[in-house]
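The values are calculated or read from the model by the stated rules, or taken from the named source; none is laboratory data. None of these values were measured; they are calculated from a predicted model. As a convention, Cβ positions derive from the backbone with ideal geometry for all residues, glycine included, and neighbour counts pool all protein chains shown.
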């Protein structure tokens, strides 16, 4: 780990009272960077370490509260994941469960804990922050099936590329570099010409229901092959204070 004073540029993690955590790399390889603004006072404590699993749970205490982060290794690279403050866990195993959405927790009910920790079990498949749950039929016949379509969040990063994808519902939003989480039609229309003109805008759907099948590729993860349609769920990191402005865009 490296402790860096000052606000980082292009950090993929949001700020928690001026504290930032991220994974960086140099000529020696990847490392965890812990960064803070000069006036930030944060006490850090390691709550749990699992050397075999290569995971640890980190607690940050600031004047505004306590925040937890899961640091670990997943397939090919190190990662940092912010744990929702609504689940004040103290063990790595519990942190992993806290990152699962309710739909996945219900789906895995009755499985042994060791099976719940696997990337693939009898109830779902996980690739990074995305969970894929098999479905028998789609809600309705798709109007079209998109090919080689990305799965992504508004905080950027490398997208997961899906061989076939269809979506239902969600909210239409206008996305740009200044507004990565998107603006609604009303918010977009309220912008002045000065605010709107310099931006490069894309129209996306915020928090739709998404189904994929076939290959899902990502440079940091092993390609998964989904036999039949699977509903997509993201982990719960976006519910944490560090990621409060991050949404699922498609």
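Are any residues in the range 17-36 farther than 15 Å from residue 71 by Cβ and surrounded by 15 or more Cβ atoms within 10 Å (Cβ to Cβ), and if so, which ones?
Those that are farther than 15 Å from residue 71 by Cβ and surrounded by 15 or more Cβ atoms within 10 Å (Cβ to Cβ): 17, 18, 36.
Condition check: in a loop (DSSP other than H, G, I, E, B), farther than 16 Å from residue 234 by Cα and modelled with pLDDT of 95 or more. Does residue 86 satisfy that? It would help to see each step written out before you state the result.
On the way: in a loop (DSSP other than H, G, I, E, B): yes; farther than 16 Å from residue 234 by Cα: yes; modelled with pLDDT of 95 or more: no.
Answer is no for this residue.
Please find, within the range 169-185, the residue that is farthest from residue 236 (Cα to Cα) out of those that are touching a strand residue (DSSP E or B) at 6+ places or on another chain (Cβ under 6 Å) and surrounded by 15 or more Cβ atoms within 10 Å (Cβ to Cβ).
So the residue we want is 174.
Among the residues of the range 132-157, what is the count of those that are on the phi < 0 side of the Ramachandran plot and more than 11 Å from the chain's Cα centre (by Cα)? Even if it seems obvious, please write down each step before you answer.
Start the filter on the range 132-157 by keeping residues that are on the phi < 0 side of the Ramachandran plot, which leaves 132-147, 149-155.
Filter once more, keeping what is more than 11 Å from the chain's Cα centre (by Cα): 132-147, 149-150.
The total comes to 18.
Could you tell me whether the range 191-209 includes any residue that is under 19 Å from residue 130 (Cα atoms), modelled with pLDDT of 85 or more and out of contact with any helix residue (DSSP H, G or I) (no Cβ under 6 Å at 6 or more places or on another chain)?
Filtering the range 191-209 for residues under 19 Å from residue 130 (Cα atoms) gives 204-209.
Those left that are additionally modelled with pLDDT of 85 or more: 208-209.
In the following step, the residues that additionally are out of contact with any helix residue (DSSP H, G or I) (no Cβ under 6 Å at 6 or more places or on another chain) were identified as 208-209.
Taking every residue of the range 191-209 in turn, at least one turns out to be under 19 Å from residue 130 (Cα atoms), modelled with pLDDT of 85 or more and out of contact with any helix residue (DSSP H, G or I) (no Cβ under 6 Å at 6 or more places or on another chain).
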